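Okay, so here's the structure we're looking at.
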Amino acid sequence: MKIAAGQFTCVPADVAANVRQMTVLAGQARAQGAELVVFPELALTGYELETVLADPGLWVTPEDSRLDAIRESGAATVVNCVAATDGPRPAIETLVFGADGELLATYRKQRLFEHEEAVFTAGQHDGRFEFAGVRFALATCYDNHFPDLTARGSADGCQVHLASSLYGTGGGVEELATIYPGIADDLNMHVVLANHVGPAGPWTGCGRSSVWAPGGDLLAEADTQTAMLVVADVG
């Protein structure tokens, strides 16, 4: 199958505007033959930690009507967001919708990065789903720096590792270029990374959303400054 990674510049704390951007990218992915599209970390709100903690109106659930346009895009989508929990803090959550809009899986980020620990509740369970005969593993940004977490996907029979992330200019460029082809090489899996491009909270996203083949060869890579898709065959 063909899978797309979509990168864009989020409008801070504007769910409706970011849904519109993702819906456009999902439509473009379908037009290029992609069956599934992955979006960056906190794609619905941007990486605006203080704002999302202070405004529960920015937290979503899988049934949230604000996501209808994404669910109706005709492509399967991997949408990372701020999600309500049973407690006072939200979670960084991935929602996976099938091409028919049905919820296929949810996953909460397990390894919170530094200041995220004061804002979010960490997840306790791995993320898995099957779509079109392919088994997928889910991880969010800092999760991917922990080999025990990523290795569980391979051990669980997953063929493709999906990562919604935020890597900035500067040191983030080297991290991105090292971590993800390393996962593809070490675990012999396809790896799909969706990253931010442009302003993203305190950082500037470095783009370079990419797809790697098992073994670590680069199949497709976005540029460093454009809202765009990369599409590659996986599985």
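The values are calculated or read from the model by the stated rules, or taken from the named source; none is laboratory data. Just so you know, these numbers come straight off a predicted model, no measurement behind them. All Cβ positions, glycine included, derive from the backbone under ideal geometry; neighbour counts span all protein chains shown. Only protein heavy atoms, including side chains, enter the accessible area calculation; ligands, DNA and RNA are left aside. Shrake-Rupley method; radii C 1.70, N 1.55, O 1.52, S 1.80 Å.
Where in the stretch 11-117 are there helices (runs of 4 or more DSSP H), lying fully within it, with 3 or more residues that are under 20 Å from residue 131 (Cβ atoms) and within 16 Å of the chain's Cα centre (by Cα)?
Qualifying helices (runs of 4 or more DSSP H): 15-31.
Out of the stretch 23-67, which residues are hydroxyl-bearing (Ser, Thr, Tyr), crowded, with 17+ Cβ neighbours inside 10 Å and farther than 17 Å from residue 98 by Cα?
Passing the criteria: 45, 47.
Looking for something polar (S, T, N, Q), open to solvent by 20 Å² or more (accessible area, probe 1.4 Å) and assigned to a helix (DSSP H, G or I) - is there at least one such residue anywhere in the stretch 185-200?
no
Considering every residue within the stretch 144-159, establish whether at least one is within 25 Å of residue 19 (Cα to Cα) and surrounded by 14 or more Cβ atoms within 10 Å (Cβ to Cβ).
Checked the stretch 144-159: no residue is within 25 Å of residue 19 (Cα to Cα) and surrounded by 14 or more Cβ atoms within 10 Å (Cβ to Cβ).
For residue 113, state whether it is in contact with a helix residue (DSSP H, G or I) (Cβ under 8 Å, 6 or more places away or on another chain), modelled with pLDDT of 95 or more and open to solvent by less than 40 Å² (accessible area, probe 1.4 Å).
So residue 113 does not fit the description; no.
Going by the structure shown, is residue 126 open to solvent by 10 Å² or more (accessible area, probe 1.4 Å) and either over 23 Å from residue 180 (Cα atoms) or of a type in the set (Ser, Thr, Tyr) (or both)?
The answer is no for residue 126.
Looking at (1) assigned to a loop (DSSP other than H, G, I, E, B); (2) open to solvent by 10 Å² or more (accessible area, probe 1.4 Å); (3) closer than 23 Å to residue 52 by Cβ, can you tell me which one residue 120 breaks?
(2)
Given 101, 33, 46, which one is on the phi > 0 side of the Ramachandran plot and in contact with a helix residue (DSSP H, G or I) (Cβ under 6 Å, 6 or more places away or on another chain)?
101 is the lone residue from the list that is on the phi > 0 side of the Ramachandran plot and in contact with a helix residue (DSSP H, G or I) (Cβ under 6 Å, 6 or more places away or on another chain).
Among the residues of the stretch 78-89, is any open to solvent by 10 Å² or more (accessible area, probe 1.4 Å) and either touching a His at 6+ places or on another chain (Cβ under 8 Å) or under 27 Å from residue 226 (Cα atoms) (or both)?
no
Mind telling me which of the residues 163, 200, 194 ends up being in contact with a Pro (Cβ under 6 Å, 6 or more places away or on another chain), of a type in the set (A, V, I, L, M) and in contact (Cβ under 8 Å) with a residue 40 or more places away in the chain?
194
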